[in-house]
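The block underneath contains the structure these notes are about, expressed in structure tokens.
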Amino acid sequence: MINRYTVIGQPIAHSLSPVVHQLFGDLTQRKVKYTRTEATPETFESIVLDWQRSGAKGCNITAPFKELAVTVCQRMAPNAKRAGSVNTIEMHRDGALVGHNTDGAGLVADIVVNKRRVLKDSRILLLGAGGAARGVIAPLLDAGPTMLHVANRTNAKADTLASLFSDMGPVSASGYEALGDMAAFDVMINATSLSLNGEMPPLPNGLVGSQTLAYDMTYAKQDTVFMSWSRSRGADTSSGLGMLVEQAAESFFIWEGVRPKTRMVYPRLRELLS
Ligand code: NDP
């Protein structure tokens, strides 16, 4: 029997998730079929329910539906519940939809294990307060930074996130205009969707230096504008390809009960992106 999965988002054509999961299936000798599904806010819920009725085992959720996905789940894993953001839905035989969030685990694994960056006692800037940002705050705070600052176009959303996680560690929030007064960060993570349109957040120069890792959650064939801007100011840069692979491995483990060896899939993905 083939276990079927899909990734639901808008836009979705750029997603490499089908390739990653198909490679995981080959590596672990599991029969899986993984597709892409475009949705709108109006069609999202019915698409998830139709997918479940068709006998599928689960789906991933990407921008801009991670927060909306919370409303279709009957049960939530603690990480997704706290974040109010779901990127993985497990479709149980008893009919329940169980929401998980693997984004944070994927991001931290990529930064700490693959990029060999120490997050303990570091200063972290998180740009954006959407579904992806929500999912990564708890795991970033768990890593023990001295400061995690969330900056977002809509200040109120950043403030909400800072209060939601304030019992877990030193988290603060502002709009972009307040960043001009801040010293350079050790890690700056772009969790906005701006890179998908070739744009970047309005950042002052002093935020990055030679010690900074500028990490863009978006992955693309070329460096994003955010990566080029940061590199030209001396920062080390990374796209979100590693996060994609590591969060996918966590989802695969939830669905299939086996953890694929992620390093095996990078050569093929780099080939596809080159
Ligand atoms: P959401 O739509 O939930 O959030 C979008 C965020 O971008 C919000 O903070 C929003 O600000 C901000 N934003 C959008 N347009 C602008 C603008 N013109 N100016 C300033 N800020 C803007 O998306 P997600 O959080 O789900 O995803 C964000 C990005 O992260 C996507 O590109 C996604 O592909 C990527 N991602 C990558 C992953 C990976 O595995 N590599 C995993 C998860 C996400 P506001 O609140 O003010 O609207």
*Kindly indicate whether residue 121 is more than 8 Å from the ligand (Cβ to nearest atom) and free of Cβ contacts under 8 Å to residues at least 40 places away in the same chain.*
yes
*Residues being crowded, with 16+ Cβ neighbours inside 10 Å, part of a helix (DSSP H, G or I) and not basic (Lys, Arg): count how many of those fall in the stretch 139-182.*
12
_Residue pairs, Cβ under 8 Å, 6 or more apart or interchain, first in the stretch 234-259 and more than 11 Å from the ligand (Cβ to nearest atom) and modelled with pLDDT of 95 or more, second of a type in the set (Phe, Trp, Tyr) and not in a helix (DSSP H, G or I). List them._
237/215; 255/5
*Subset of the stretch 97-135 that is among the small types (Gly, Ala, Ser) and more than 20 Å from residue 179 (Cβ to Cβ) - its residue that is surrounded by the fewest Cβ atoms within 10 Å (Cβ to Cβ)*: 109
*Which of the residues belonging to the stretch 208-233 are away from the ligand (no atom under 11 Å from the Cβ), under 22 Å from residue 153 (Cβ atoms) and either surrounded by fewer than 21 Cβ atoms within 10 Å (Cβ to Cβ) or at pLDDT below 95 (or both)?*
225, 228, 229, 233
*Restricting attention to the stretch 39-68, which residues are within 14 Å of the ligand (Cβ to nearest atom) and out of contact with any Leu (no Cβ under 9 Å at 6 or more places or on another chain)?*
39, 40, 60, 62, 64, 65, 66, 67, 68
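Of everything in the stretch 145-194, what is of a type in the set (A, V, I, L, M), away from the ligand (no atom under 13 Å from the Cβ) and in contact (Cβ under 8 Å) with a residue 24 or more places away in the chain? Give them in sequence order.
Listed by number, the residues that qualify are 147, 148, 164, 168, 171, 178, 182, 183, 184, 187, 188.
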*Checking residue 264 against (1) within 19 Å of residue 106 (Cβ to Cβ); (2) surrounded by fewer than 21 Cβ atoms within 10 Å (Cβ to Cβ); (3) modelled with pLDDT under 95; (4) within 16 Å of the ligand (Cβ to nearest atom), which test does it fail?*
(4)
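Matching residues to (1) charged (D, E, K, R); (2) at pLDDT below 95; (3) farther than 18 Å from residue 242 by Cα; (4) part of a loop (DSSP other than H, G, I, E, B):
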{"site": "104", "(1), (2), (3), (4)": "no, no, no, no"}
{"site": "107", "(1), (2), (3), (4)": "no, no, no, no"}
{"site": "110", "(1), (2), (3), (4)": "yes, no, no, no"}
{"site": "125", "(1), (2), (3), (4)": "no, no, yes, no"}
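The values are calculated or read from the model by the stated rules, or taken from the named source; none is laboratory data. Predicted model only: the values in this text are computed from it and were never measured. Cβ sites come from the backbone with ideal geometry, for glycine too, and all protein chains shown count toward neighbours.
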